[in-house]
Amino acid sequence: MAERIHVFWGILLTLLIAVAVWMVVSNVRYSQRIDHYHQQARQVGIGSDEELSRTVATLETELKERLDYETNVESDPLDLTKVIQSKKFLARLGLRESLEQQGRMRLSCTVVGPSESAVIKFLGRSYVVHTGDIFNGYRVEVIEPERVVLLKGGAQLVLVNEKAPQGELEELGGGRAGNF
């Protein structure tokens, strides 16, 4: 029986040595693979501080450009009257004001008092202006009860209160008070 115990311990010791050798060989192989991947990463620049700095700088530049972007549209880009010139088609859309009337400025109303202002209708939209404002390249010089004086390059343009063209108030909801 003593012999059997010696054989059992011999087999067990041999297995332990084989497992230990196998573990050492596996660890060496994994270490070699890891070193190989580290060398490849250094050659490509992945994970380097320089690559990270360039990426962050690029993202910050793009973000700043997006935040600084401003649109300054003088006229409505969705206004189809500049593209579609057919009066029949525009009438079917419900636009009763002619293209000639839309292309000129019309003084809709004035408010005179401590803070004078005027409403000017231009290109189908209403604009509220005050003395000193720049509107369509003109400087608003004077706002009086029934007229507004505009200056541009030494030329003077006087707008006088005009009644809304026929049909304009109907487009805006039946001509209720407060609509321009």
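Details
- Among the residues here, Arg66 qualifies as closer than 30 Å to Asn136 by Cβ and at pLDDT 85 or above.
- Of the set (1) modelled with pLDDT of 80 or more; (2) part of a helix (DSSP H, G or I), all apply to Ala91 but (1).
- Selected residue (criterion: nearest to Asn161 (Cα to Cα)) from residues of segment 116-144 that are in a loop (DSSP other than H, G, I, E, B) and modelled with pLDDT of 85 or more: Glu116
- When residues of segment 118-151 are limited to those that are touching a Ser or Thr at 6+ places or on another chain (Cβ under 6 Å) and aliphatic (A, V, I, L, M), the one nearest to Ser108 (Cα to Cα): Val119
The values are calculated or read from the model by the stated rules, or taken from the named source; none is laboratory data. What you are looking at is a predicted structure, and each value in this text was computed from that prediction instead of being measured. Note that each Cβ is placed from the backbone with ideal geometry, even for glycine, and that neighbours are counted across all protein chains shown.
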